[in-house]
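Everything below concerns the one structure shown next.
The values are calculated or read from the model by the stated rules, or taken from the named source; none is laboratory data. Everything quoted here is computed from the prediction, not taken from an experiment. Here Cβ is always computed from backbone atoms with ideal geometry, including for glycine, and neighbour counts include all displayed protein chains.
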């Protein structure tokens, strides 16, 4: 079914129509994976940021959500190198835990793709791993991390 929601994201408040697929919990928050008719792609929304909702109409049949037109058109290659400890820390992550390739010494790497709209989310994941993770690509994620770390230096002088 389609649901009209008022959503308060980190950057703005918006009204949009979504078709929920499923809910899941991660790191103390509930998320809704859904098709967003505003962005015309599948998104993950934090449930606690939904401020209002109204059922708009009966269920709508969408094509298979794995069809590329319902995902963000551009996907960037993602490569993150992990120390042994980084692998242990990341293994329980709902999205990346199953993407870890372990090496003989216990270290490993994550190989996946990321939508440009999720770069900030992935960057926060990497920052949470500290020096146990090194991003090898995409360059836009490395640039985001540089800017964020530079901004943090204003609060915590090096």
Query raised in the report: Is it fair to say residue 79 is at pLDDT 95 or above and either in a strand (DSSP E or B) or loosely packed, with under 13 Cβ neighbours inside 10 Å (or both)?
Result: yes
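Every residue, every condition in (1) in contact with a helix residue (DSSP H, G or I) (Cβ under 6 Å, 6 or more places away or on another chain); (2) part of a helix (DSSP H, G or I); (3) touching a residue at least 60 places away in the same chain (Cβ under 8 Å); (4) more than 22 Å from residue 88 (Cβ to Cβ), yes or no:
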| position | (1), (2), (3), (4) |
| --- | --- |
| 111 | no, no, no, no |
| 118 | no, yes, no, yes |
| 124 | no, yes, no, no |
| 130 | no, yes, no, no |
| 134 | no, no, no, no |
| 143 | no, yes, no, yes |
| 148 | no, yes, no, yes |
Requested in this report: Kindly provide the set of residues from segment 34-56 that are under 19 Å from the mean Cα position of the chain (by Cα), over 14 Å from residue 117 (Cβ atoms) and either free of Cβ contacts under 8 Å to residues at least 24 places away in the same chain or part of a strand (DSSP E or B) (or both), ordered by number.
Outcome: 34, 35, 46, 48, 50
Query raised in the report: Looking at residue 136, is it under 28 Å from residue 11 (Cβ atoms) and modelled with pLDDT of 95 or more?
Result: yes
**Report entry** segment 82-99, subset in a loop (DSSP other than H, G, I, E, B) and in contact with a strand residue (DSSP E or B) (Cβ under 9 Å, 6 or more places away or on another chain), residue modelled with the highest pLDDT
**Finding:** 83
